[in-house]
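The next block holds one structure in the form of structure tokens; read it before the comments.
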Amino acid sequence: MAKLERRLASLETDHFLLQQEVRKLSHDTERNANSLDEFEDGIEEVAQMTSKTTADLWAAMAKRQQRIEQEQAAADADADAQPQPQPAAEAEPEADSSGAQPQPAVQAQQQGHGQGPRQKGEPAQRPSMAVLRAWVRTHIAPMERRTTTTGEGGGLRWCRQWWRHPDAVERFGAIYMAYKRLRTEEDATWLSVYLRDHLDPHIATLTSPYGPFYGCSPNKHSTTTQMLGADEPAATAGPSGTL
């Protein structure tokens with residue numbers, strides 16, 4: 001009898017402990033459910049923020065693209081509005097009294113440095129500084145911002161006031177005229193030709209540590225650059241005593 005009572009007491013104790021474990025498990029389950037609800041609320045909030053940020057990003061990109069197209073249209077309109085200079089009449093080469101035929105090098109020089117005679121009515125038109133600045137800001141400056149984001153440009157040189165460098169103005173003008181000429185070609189490879197033969201060589205020279213921007217940085221223009229210049233030759237007496 002005593003043994004049975006001890007057994008019942010042990011069962012009651014086990015039952016009590018089991019009830020405690022069940023209550024604890026129920027409490028943990030409820031707490032986990034609440035945490036899961038909070039987690040889902042957080043995910044939904046982040047998703048809403050991400051959606052809004054993405055929409056803002058797309059809107060900013062669309063606005064920037066629209067601004068680029070407007071600047072390009074204004075630059076093209078300005079270039080088209082400039083008066084077309086009339087080509088000067090080409091002087092006939094003087095006949096050689098000896099009757100000898102001109103040398104091929106002389107013929108090439110008379111015909112435009114070996115590139116053949118230029119078609120009349122299509123003179124090379126140099127852009128105004130306003131047109132050139134707008135074109136460089138649209139087509140060149142964004143590329144240089146991407147390549148000069150580390151320190152002093154990772155070896156590249158760039159000047160925010162490039163128009164203060166005459167040699168840079170000449171090169172950008174050459175790139176501009178090549179771009180305007182080649183983009184009218186019907187050949188699908190015109191862009192590859194433009195990049196290979198015009199843009200890449202000139203940009204490599206402009207951004208070289210030995211180029212016109214060697215003293216500048218992507219953030220400021222340097223006034224230490226100067227033209228090389230040239231001295232006038234000294235006057236010397238000839239054999240007959242004349243200069």
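Read-outs throughout are calculated quantities, based only on the coordinates presented, and are distinct from any laboratory measurement. Worth saying up front: this structure is predicted, and the values here are computed from it rather than measured. Heads up, the Cβs are rebuilt from the backbone with ideal geometry, glycines too, and the neighbour counts pull from every protein chain shown.
The slack between THR54 and GLU232, meaning 0.36 nm per residue of separation minus the straight C-alpha distance, is 57.6 nm. Modelled spin-label separation between ARG164 and TYR210, with each label point placed 7 Å from Cα along the Cα-to-Cβ direction: 2.5 nm.
Distance between the 7 Å Cα→Cβ label points at TRP190 and ASP28: 7.4 nm.
Taking 7 Å steps out from each Cα toward its Cβ at THR223 and HIS15 produces label points 9.9 nm apart.
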